[in-house]
Amino acid sequence: MKIWDIIGVIILIGPLLITVLSILLTFLYTGYEDFVKNQPVEISKRRKLIMFSVAAIIIAGVLYSRNPISKSVQPTTVYTGSSGVIVRPEARFKIYKDPNCLVEVKHINWGKIKPGQSSNKTIYIKNETNSSIYCMVTWNNTSWKPLEAYTYFNITCDFGDDPLKPNNTRRVNLQLYLSPYTYDVDEFEFNIVFTGMTQPFQKKKMN
């Protein structure tokens, strides 16, 4: 324990110590018998007692003000603003019909689908960036014709969890599933949304 820690403890019980010292001085200057009998104390002795008490309080205050413990009771808080920019490499990719990446996919015809069955299409995704990318497929609900038809379908792809390296191509299977409980829909159209990122993301299943 450091000396200032000891002094700090003493200062915390200072009032009690001053009271005890005052009583002891009263014994010394007036005598035990006069103190118990509450006899008048001489003026000179009373002045000395008051002067000692005042001096003890002043010394205690000085020690407390110089004590590091007392200074740390109310720490100074400083606030500073901060900002930054998150840089994500752009994910550029294209979708092709063939493994040689010669014919881009502009439209996918799912053909005829029976309720409770699926239609599968194969595409090839080529990464055209200098960073590895992840891909997922969804659709735009407002692009469906008829509008309520999307509630009967679910689309998935097997891109996988591994990123596609720069300038590499991956074969991907798209699957469109039609619910067995499908009513009032004979034909449909919708826009497929392919999303690429340089960071992994959680795939969402379409309902």
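Structural remarks
- Long-range HN-HN contacts of F93 with modeled amide H, under 5 Å: E128
- Between D98 and I113, the simple spin-label model (points 7 angstrom out along Cα→Cβ) gives 2.8 nm.
- For region 132-149, the residues whose amide N sits under 17 Å from a probe point set 7 Å from the Cα of Q199 along the beta carbon direction are 132-136.
- In Hz, Karplus ³J(HN,Hα) per residue of region 189-199 (6.51, -1.76, 1.60; θ = phi - 60°; x = Gly, Pro): 9, 6, 9, 7, 10, 9, 10, x, 9, 8, 10
- Region 92-207: C-alpha gyration tensor shape, a/c 1.5 cut-off, then a/b vs b/c: prolate
- Over all other residues within a Cβ to Cβ distance under 9 Å of Y134, the charged ones net out to -2, with Lys and Arg as +1 and Asp and Glu as -1.
- If only the Cβ of Lys and Arg carry +1 and only the Cβ of Asp and Glu carry -1, the dipole of region 93-197 around its Cα centre is close to 360 debye.
Every read-out reported here was derived from the displayed coordinates using simple, explicitly stated rules and does not represent laboratory data. Fair warning: this is a prediction, and the values are worked out from it, not measured in the lab. Reconstructed Cβ throughout: ideal geometry from the backbone, glycine too, with neighbour counts over all protein chains shown.
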